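K.L.:
Once you've had a glance at the structure underneath, I'll fire off some questions.
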Amino acid sequence: MSVIKQKQYQSMDIPSKYSAKTVEAKWYDYWMKHNYFHSTPDDREPYTIVIPPPNVTGVLHMGHMLNNTIQDVLIRRARLQGKNACWVPGTDHASIATEAKVVAKLKSQGIDKNDLTREEFLKHAWDWTEEYGGVILEQLKKLGCSCDWDRTKFTMDDDMSEAVIKVFVDLYRKGLIYRGYRMVNWDPEAKTTLSDEEVIHVEKQGLLYYLEYQVEGSDEKLTIATTRPETIFGDTAICINPNDDRFKHLRGKKAIVPICGRVVPIIEDDYVDIEFGTGCLKVTPAHDENDKVLGDKHNLEVVDIFNADATLNHFGMHYEGQDRFVVRKAISKEMESKGLLVKTENHINKVGTSERTKAVIEPRLSDQWFLKMEALVKPAIDAVLTSGEVKLFPKKFENTYRHWMENIRDWNISRQLLWGQQIPAYYFGDGKDDFVVAETLDEALKLAQEKTNNNTLTTDDLQQDSDALDTWFSSWLWPMTVFDGIRNPENEEINYYYPTNDLVTGPDILFFWVARMIIAGYEYKGQKPFENVYLTGLVRDKQRRKMSKSLGNSPDALKLIDDYGADGVRVGLLLSSAAGNDLMFDEDLCDQGKKFANKIWNAFRLIKGWDVDAQKAQPHSSKIAVEWFESKFQKVLLDIEDHFSKYRLSDALMSMYKLIFDDFCGWFLEMIKPEYQHPIDSETLKSAIKLLEDNLKILHPFMPFLTEEIWQHIKERTPEEALIISEWPEKAQVNDTLISEFEFASEVISGIRNIRKQKNIAFRDSINCMMVNNENASHTFDEVISKLGNLEAFETVQQAAEGALTFRVKSNEYFIPMEGSIDVDAEIKKLTEELNYTEGFLRSVQKKLSNERFVNNAPEQVVASEKKKEADALAKIETIKASLASLN
C-alpha cells in the first residue's frame, strides 16, 4: 500500500536562523502600515493607558525600557482580548531640564540668555525642541511599543497649554490659588523656586562653628553654634530661651554681629532648644524658614544677603560676588584670625538639594504663586485609602501615599523660567492687588478696566507675570488633556476613554505626578483618572547598585536591542530577579531571552519540516499527548490570568517560559515527533499547529516580533488575520488527572534515560522495562513511555526482576534487564564503591543532625538542607542495594 505524503504550506522559505533585526523592522512597519495601534471610540470595551510622558530632552534608558515594556505587554494583551486598546504617547516639556540645555547651547554660541527677550529665547527653545525633542519616542518604537502614534501629545502643544491656563484661572477664581510672600526653596543653579517635593534631603558631613558675639556695652561674649557662618551678614537678632537661667541677665540687651558690626536685639522665645549647641541662636529671617517665623513673631528686620546664584550681595561687604561655600571657608578663617571662632565640631546635617540640578537649596523669601491643597486632597485620600477606587500595586506604597497626603503643604506652582506656560496674571499698577487673572489678554483688559473703573486702560498698560508654571502643573492634567477633557469636558473621547485603566510608573513620582493626577481627576471630572497604578522599582545591576553613568553600569539600551533583539531584551528585563520592589538587571538574561526566541523558532521549523500522510491514523501516544498539552496549556493559562490580575508580569512570563520551553518543546514535540524519515499524521499536525498558535497568542505581548513572524509563516494570512489583532485563547476545562499522570510518567521516562546515559546504551538500541506497580499508576501514558524510552517491551510484573538495573518513582520499582549489554562484575564493583561512598556521606550528615547545638542554632534553611541530603542519601542507598541484589 503506497503512502501519500504531502508538504505543508510554506509562506516562503523558512530561514534556518531567526534574524531579529530583519524581522523587527519588517513587522513594525507592517503594524504601522495597517494602523493596528490606532484607536477611535466604538462599541467595544475601551482599555486605555496614558504613557508617563518622558522629558522631551530624554533618551532611552533602562528605566524607560522596563516601564514601557510593561505598558506594551498590558496594551497588547488587551488588544488580543478584543478590547479597544488605546495607548497615548507623548512628552513633557520639562521646564528646568530643557531650559538648562537651551541656555547651555546658547552659551556655546556666545549668547547670554539675559540678553534675549522672552520671545527670542522661546524661539530658540522651540527650535531646540523640534531638532532634538521626541528622540525617545522614536527609540520606543525600536522596543516594539504599540502606542497610538497619531495621538502623540506634548505638554506645550497649544491645546494642552490652553487647558493648563484654563485650570489656573478656574482655581484662582475658586480662591484656591493665591500670591504670597513666602520662604521658598530656591535652586541657585536653575535660578528658580522648587516645590517641597522637588527637594531631596541628603545627609552631608559638615561642621558646627562656634562663634563669639559681643554683648553691647560690656565685655561679655555669647558663643553661638551655627552650620552656616556665611549668613551672619543677615543676622537681625540673638534668641535665648526664657527658661534658661544662664541668660536671664541678658533680657532687653543687645549684641553686636561679628565683622559687619550690626547691633541686634537679644530676644526670648521657647523655640530655642536649651540642650542644642550653646543655647543661644542667631536669627537670620531671610535665610531660614524657622528664623522667618521668629522674625515675624518678634517683628525683626529681614536682610537678604544672597544674589539669585547664591553669591553674596552688597550686604556681604568684602565678600560681595563670592559663592556662599567659598565665603563659608573664608569667613571662618577671618573669624579665627580675630579670635572670634571658639572651635569647630564635625556635624552631620540633612541638606536640601535640587532633585533636578543637585544644587544645595537656598531658603529664600520671594513673591510666588501657591495652590491651596488641604481641601483638594480629600477625595484623593479617600480614593486610595478608604474606598479603594484607585488601587496601588504593590499595596505597601499606600503608607507612603498616606504620609505625603496627610502632611501636604500648599503647592508652590510658579517658576522663574521662560520655558513653560506663562502665568496668566496681568499687572496694571504697583499695589499688592493691582493685577487680574484671565485666560487671554483681551479678557484681562476687560477685568482690569472693571477693577479700576477705568475704561481708558489699554493692553499696553498690562504687564503679564514673567514666571512660568511648574511643569507638574501641566502633567497633573495629562489623563484628561490628552483627550481634550478640560477645554471640552463632554466630548466623545473623554467620555469614552476616561477614566483610564492602568498607569505604570515609578514610585519616585508617586506624589509629584500620580497623587496630583488623582486630585485633578476628582476636581475636574468628579472621578478617578485611572483604576490601577503599577509602581515599578528601580533597575539595578547584579550587585544591587543603582544604574548610573558615573558607575559605568548602565548599558546602552539601543545597543542591547541591537545585540539581543527587542524580544530578547523585553524577556531579559522581565525575568530579572526582584530585589524588594527594585529589579536586578542581568544582561545574561537578555541572552537567555534571545536563546528562548531561537528555541521557539527551531521548534516551529521542526513542525514545518515534517511531511504529512493524510491517510495515516493518529497514534494513541500522539492523541494522549495532544490531550495532555491542551490541559497543561489551560492550567497555565489560569495561572497567567491570576498573575496578570496581580500585576505579577514576571511570574506570568516565567509560567509561559516553562510551558513553551519545557512542556511544548521539551516534551510535547518529542511525544508526537514521527520516526526518522516517516511522515506525521494530519490530525496530530493540525493539533500541534493549533497549540503552537495558542502559545504564540499568550507570548505575543512579551515577544511581539518573533510571534508575529512565526504566525505569518504558519499559513497565508490577510491583514485582518494578523496575530496582533487575533483573539486571546478561551478558557476550557483542565484535566488535572491527566496532568498528574504525565508528571508521574515523565519521571519514569527520565529514569529510563538516566540508565541509558549511565550505561552508555545508545537510544537507537531498544531495551525492555518491567514495572512493579505498587502505586497502582495509570497506564494512560504507557505508549508515550515506550516511545520516549525506546522500549521494545514495557510490562507490569509482580516481583523484582533478577539481573536488572533498577530505579524507583515513588513506591513503583522499574527494572531494565541488562542481558549482556554490560559487564556484570564491573557494574557490581562500581555500584559497591558508590554504595560505600553514599553510606559514608550519610553518616557525616546524620552526625551533624544528631548535634543538638547545630540543630538549635543553625538557620532553619540550613537544617532543612541537611535533612534533605539525608533523605536523598537514604533513597539512593535503597536504589543501589536493589540494583546490586538484582545483579547478584
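K.L.:
Can you work out which of the residues in the range 797-815 that are open to solvent by less than 70 Å² (accessible area, probe 1.4 Å) and over 56 Å from the mean Cα position of the chain (by Cα) is modelled with the lowest pLDDT?
P.N.:
Gly803
K.L.:
Could you check how many residues of the range 831-888 are assigned to a helix (DSSP H, G or I), without any contact (Cβ under 8 Å) to a residue 24 or more places away in the chain and not polar (S, T, N, Q)?
P.N.:
Result for the range 831-888: 20.
K.L.:
Right, something else. Anything in the range 54-82 that is part of a loop (DSSP other than H, G, I, E, B) and modelled with pLDDT under 95? List them, or say none.
P.N.:
Correct list: Pro54, Val56, Thr57, Gly58, Val59, Leu60, His61.
K.L.:
Could I ask something else about it? Among the residues of the range 682-689, is there at least one that is of a type in the set (A, V, I, L, M, F, W, C), over 30 Å from Met32 (Cβ atoms) and touching a residue at least 12 places away in the same chain (Cβ under 8 Å)?
P.N.:
Among the residues of the range 682-689, at least one is of a type in the set (A, V, I, L, M, F, W, C), over 30 Å from Met32 (Cβ atoms) and touching a residue at least 12 places away in the same chain (Cβ under 8 Å), which makes the answer yes.
K.L.:
Is it the case that some residue within the range 739-751 is assigned to a helix (DSSP H, G or I), open to solvent by 40 Å² or more (accessible area, probe 1.4 Å), closer than 27 Å to Trp667 by Cα and hydroxyl-bearing (Ser, Thr, Tyr)?
P.N.:
Yes, the range 739-751 contains at least one residue that is assigned to a helix (DSSP H, G or I), open to solvent by 40 Å² or more (accessible area, probe 1.4 Å), closer than 27 Å to Trp667 by Cα and hydroxyl-bearing (Ser, Thr, Tyr).
K.L.:
Are there any pairs, at least 6 apart or on different chains, whose C-beta atoms fall under 7 Å, with the first in the range 410-436 and under 15 Å from Ser474 (Cα atoms) and the second assigned to a strand (DSSP E or B) and open to solvent by 30 Å² or more (accessible area, probe 1.4 Å), and if so, which?
P.N.:
Cβ pairs passing all conditions: Gln422/Gln464.
K.L.:
Here's a check for you: in the range 197-221, which residue that is surrounded by 20 or more Cβ atoms within 10 Å (Cβ to Cβ) and modelled with pLDDT of 90 or more is farthest from Leu340 (Cα to Cα)?
P.N.:
The selected residue is Tyr209.
K.L.:
With respect to the numbered conditions (1) open to solvent by 20 Å² or more (accessible area, probe 1.4 Å); (2) assigned to a helix (DSSP H, G or I); (3) among the charged types (D, E, K, R), which one is the sole condition not fulfilled by Arg570?
P.N.:
(1)
K.L.:
Here's a follow-up. Does at least one position in the range 354-363 carry a residue that is outside any strand (DSSP E or B), touching a Lys or Arg at 6+ places or on another chain (Cβ under 9 Å) and within 30 Å of Phe511 (Cβ to Cβ)?
P.N.:
Within the range 354-363, none of the residues are outside any strand (DSSP E or B), touching a Lys or Arg at 6+ places or on another chain (Cβ under 9 Å) and within 30 Å of Phe511 (Cβ to Cβ).
Yes or no, residue by residue, for (1) among the charged types (D, E, K, R); (2) over 16 Å from Tyr209 (Cα atoms); (3) loosely packed, with under 14 Cβ neighbours inside 10 Å; (4) modelled with pLDDT of 95 or more:
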| position | (1), (2), (3), (4) |
| --- | --- |
| Asn243 | no, yes, yes, no |
| His249 | no, yes, yes, no |
| Glu268 | yes, yes, no, no |
| Val272 | no, yes, no, no |
| Phe276 | no, no, yes, no |
| Asp291 | yes, yes, no, no |
| Asn307 | no, yes, no, no |
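K.L.:
Name the residue that is nearest to Lys350 (Cα to Cα), counting only residues in the range 203-254 that are of a type in the set (Gly, Ala, Ser) and touching a residue at least 40 places away in the same chain (Cβ under 8 Å).
P.N.:
Gly206
K.L.:
Let me ask something else about it. Restricted to the range 251-261, and to residues that are surrounded by fewer than 18 Cβ atoms within 10 Å (Cβ to Cβ) and within 21 Å of Val293 (Cα to Cα), which residue is modelled with the highest pLDDT?
P.N.:
Lys254
K.L.:
Could I ask something else about it? Check Glu138, Glu130, Glu119, Glu99 and return the single one that is farther than 25 Å from Pro529 by Cβ, buried (at least 22 other Cβ atoms within 10 Å of the Cβ), out of contact with any Gly (no Cβ under 7 Å at 6 or more places or on another chain) and not aromatic (Phe, Trp, Tyr).
P.N.:
Glu99
K.L.:
Now a separate question. Quick check on the range 483-502. Is at least one of its residues closer than 20 Å to Val56 by Cα and β-branched (Val, Ile, Thr)?
P.N.:
no
K.L.:
Can Ala826 be described as assigned to a loop (DSSP other than H, G, I, E, B), open to solvent by less than 70 Å² (accessible area, probe 1.4 Å) and either closer than 19 Å to Glu741 by Cα or modelled with pLDDT under 95 (or both)?
P.N.:
In short, no.
K.L.:
Also, I was wondering about something else. Looking at the range 389-400, I want the residues that are farther than 10 Å from Val533 by Cβ and have a partner that is open to solvent by 40 Å² or more (accessible area, probe 1.4 Å) and among the acidic types (Asp, Glu) with Cβ atoms under 9 Å, at least 6 apart or on another chain. Which pairs are those?
P.N.:
Listed pairs, sorted by first residue: Glu389/Asp382; Glu389/Glu531.
K.L.:
What single numbered condition from (1) charged (D, E, K, R); (2) at positive phi; (3) assigned to a helix (DSSP H, G or I) fails to hold for Glu336?
P.N.:
For Glu336, the failing item is (2).
K.L.:
Specify which of the listed residues (Asn836, Asn776, Asn790) is farther than 18 Å from Lys881 by Cβ and open to solvent by 70 Å² or more (accessible area, probe 1.4 Å).
P.N.:
Asn776 is the lone residue from the list that is farther than 18 Å from Lys881 by Cβ and open to solvent by 70 Å² or more (accessible area, probe 1.4 Å).
K.L.:
Still on this structure, I have one more. Mind counting the residues in the range 460-491 that are open to solvent by 50 Å² or more (accessible area, probe 1.4 Å), closer than 19 Å to Arg179 by Cβ and in a loop (DSSP other than H, G, I, E, B)?
P.N.:
Matching residues across the range 460-491 total 1.
K.L.:
Please work out which residue is nearest to Ser354 (Cα to Cα), limiting yourself to the range 83-105 and to residues that are part of a strand (DSSP E or B) and small (Gly, Ala, Ser).
P.N.:
Here the residue is Gly90.
K.L.:
Pick out the one residue from Leu510, Leu447, Leu457 that is in a helix (DSSP H, G or I) and open to solvent by 10 Å² or more (accessible area, probe 1.4 Å).
P.N.:
Answer to the check: Leu447.
K.L.:
Within the range 606-628, which residues are in contact (Cβ under 8 Å) with a residue 40 or more places away in the chain and either in contact with a strand residue (DSSP E or B) (Cβ under 6 Å, 6 or more places away or on another chain) or under 14 Å from Glu675 (Cα atoms) (or both)?
P.N.:
Leu606, Ile607, Trp610, Asp611, Val612, Asp613, Lys616, Gln618, Pro619, Ser621, Ser622
K.L.:
Just checking: which of the strands (runs of 3 or more DSSP E) contained wholly in the range 167-280 hold 1 or more residues that are hydrophobic (A, V, I, L, M, F, W, C) and in contact with a His (Cβ under 7 Å, 6 or more places away or on another chain)?
P.N.:
Passing ranges, in order: 199-215, 237-240, 263-268.
K.L.:
Of all residues in the range 647-697, how many are polar (S, T, N, Q), open to solvent by less than 30 Å² (accessible area, probe 1.4 Å) and more than 28 Å from Arg77 (Cα to Cα)?
P.N.:
The qualifying residues number 1.
K.L.:
Sticking with this one: What's the number of the only condition in (1) buried (at least 19 other Cβ atoms within 10 Å of the Cβ); (2) touching a Phe, Trp or Tyr at 6+ places or on another chain (Cβ under 6 Å); (3) of a type outside the set (A, V, I, L, M, F, W, C) that Glu783 fails to meet?
P.N.:
Result: Glu783 passes all but (2).
K.L.:
Does Pro394 satisfy being touching a His at 6+ places or on another chain (Cβ under 6 Å), more than 23 Å from Met160 (Cα to Cα) and at pLDDT 90 or above?
P.N.:
No.
K.L.:
Cβ-Cβ below 6 Å, separation at least six or inter-chain, first residue in the range 117-129 and farther than 12 Å from Leu106 by Cα and among the polar types (S, T, N, Q), second modelled with pLDDT under 95 and open to solvent by less than 80 Å² (accessible area, probe 1.4 Å): which pairs?
P.N.:
Thr129/Val56
K.L.:
Can you report the number of residues in the range 755-789 which are assigned to a helix (DSSP H, G or I) and among the charged types (D, E, K, R)?
P.N.:
Result for the range 755-789: 5.
The values are calculated or read from the model by the stated rules, or taken from the named source; none is laboratory data. What you are looking at is a predicted structure, and each value in this text was computed from that prediction instead of being measured. Note that we place each Cβ from the backbone using ideal geometry, even for glycine, and neighbour counts take in every protein chain shown. Each accessible area value is taken on the protein alone, full model and side chains, heavy atoms only, with ligands, DNA and RNA left out. Shrake-Rupley method; radii C 1.70, N 1.55, O 1.52, S 1.80 Å.
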